[in-house]
Amino acid sequence: MTPTVPGFDHHHVNVADGVRLHVAVGGSGSPVVLLHGFPQTHLMWRHVATDLAKEHTVICPDLRGYGASDKPADVDGATYSKRTMAADVVALARALGHDRFALAGHDRGALVALRAALDHPHAVTHFLSLDVLPTLDMWDVMRGTTAAVGFHLYLMAQPPGLPEQLIGAAPDAFFGHFLDIWTRDAAAIPADVRTAYLDASREAVPSIVADYRASAHIDVEHDRADRDAGNRLVMPVSVLQQDWGKALGFDAAALWRAWAPDLDHRTVSCGHFMAEEDPAVVSGALRDLLGR
């Protein structure tokens, strides 16, 4: 059986013309939306979500192009822009009865959450980012041989055709590689969850590639326009990150502070999949954020 978030109900919700998001919803109270990363689904939040559901309405969607959500073809390079995906999230929350909500994202989901917080400050009350840099800063720090850790960013930035063919030829090897090397505690992603991630990713190669391709093109344009205009995050922001700055030679907190004046930046000791490896740290950081 495919694992689920215990005690959560599942829905498909229309968020745009011809696009429905699959979402797990549980608990009651003020709303918190949790956005998953790569190569995962909403299931990555299973521990954090059940904890937070004691106090909050917790909304865990599969992003457009991932999991059981719809996967429209990318016809114009904007279908998987973070602006489009952020609009999905705001529409989802509104459809569930919430005009304002706290928002947390991991990896790709954090980029969607960042764009939602910039584009929809009236809707996003608090923002938590897990283990990612804003897109512009990410590309700026990826230099020299150290950039090899992000080879997938460059692969999926290529024009349509080759990346999809290469990844589609061995999807389990490709996606499983990241589940292996980014995890310090292998037991944090048990066999049934790993299988669910691989099954979902195998069926979503074109849309996952389109998501990453957007971050090398249209997402850069949107972020640069905001930076040039001096747009910044107006809500309280918390960031949990591995110490990538020490490894790659940058000050992660300073990069984030340029976007988020009201920032709490913390370095963690667990691996990339921190919501699964150390959910108590993530839940605690989110509760601290909501108290600001």
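Quick check: anything in segment 127-143 modelled with pLDDT of 95 or more, of a type in the set (Gly, Ala, Ser) and closer than 20 Å to ARG227 by Cα? Yes, segment 127-143 has at least one match.
The criterion of being free of Cβ contacts under 8 Å to residues at least 60 places away in the same chain, on the phi > 0 side of the Ramachandran plot and either in a loop (DSSP other than H, G, I, E, B) or open to solvent by 30 Å² or more (accessible area, probe 1.4 Å) (or both) does not hold for GLY67. Taking segment 75-101 as the range and being under 23 Å from GLY29 (Cα atoms), of a type outside the set (A, V, I, L, M, F, W, C), touching a helix residue (DSSP H, G or I) at 6+ places or on another chain (Cβ under 9 Å) and not in a loop (DSSP other than H, G, I, E, B) as the test, only ASP88 passes.
Here is a yes/no grid of residues against (1) of a type in the set (Val, Ile, Thr); (2) over 27 Å from ALA200 (Cα atoms); (3) open to solvent by less than 10 Å² (accessible area, probe 1.4 Å):
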| residue | (1), (2), (3) |
| --- | --- |
| THR79 | yes, no, no |
| LEU114 | no, no, yes |
| ALA123 | no, yes, yes |
| SER129 | no, no, yes |
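For PRO190, the test of being under 20 Å from THR84 (Cβ atoms) and open to solvent by 30 Å² or more (accessible area, probe 1.4 Å) is failed.
Of the residues making up segment 32-46, not one is within 11 Å of SER283 (Cα to Cα) and aliphatic (A, V, I, L, M). The sole residue among ASP9, ASP88, ASP62 that is acidic (Asp, Glu) and open to solvent by 20 Å² or more (accessible area, probe 1.4 Å) is ASP9. Only residues that are more than 17 Å from the chain's Cα centre (by Cα) and modelled with pLDDT of 95 or more were counted across segment 182-197, and they come to 10. Restricting the first member to segment 4-27 and to residues that are in contact (Cβ under 8 Å) with a residue 40 or more places away in the chain, and the second to residues that are of a type in the set (S, T, N, Q) and open to solvent by less than 80 Å² (accessible area, probe 1.4 Å), the beta-carbon pairs closer than 6 Å and six or more apart or on different chains are PRO6/THR50; LEU21/SER69; HIS22/SER69.
Only one of the listed residues (GLY105, GLY176) is part of a helix (DSSP H, G or I), open to solvent by less than 10 Å² (accessible area, probe 1.4 Å) and not aliphatic (A, V, I, L, M). That residue is GLY176. Please verify whether VAL25 is outside any strand (DSSP E or B) and not polar (S, T, N, Q), treating the condition exactly as stated. No.
The values are calculated or read from the model by the stated rules, or taken from the named source; none is laboratory data. The structure displayed is predicted, hence computed values, not measured ones. Virtual Cβ from ideal backbone geometry, glycine too; neighbours counted across all protein chains shown. The protein model used for the area step is the full one, side chains on, heavy atoms only, and it has no ligands, DNA or RNA in it. Shrake-Rupley method; radii C 1.70, N 1.55, O 1.52, S 1.80 Å.
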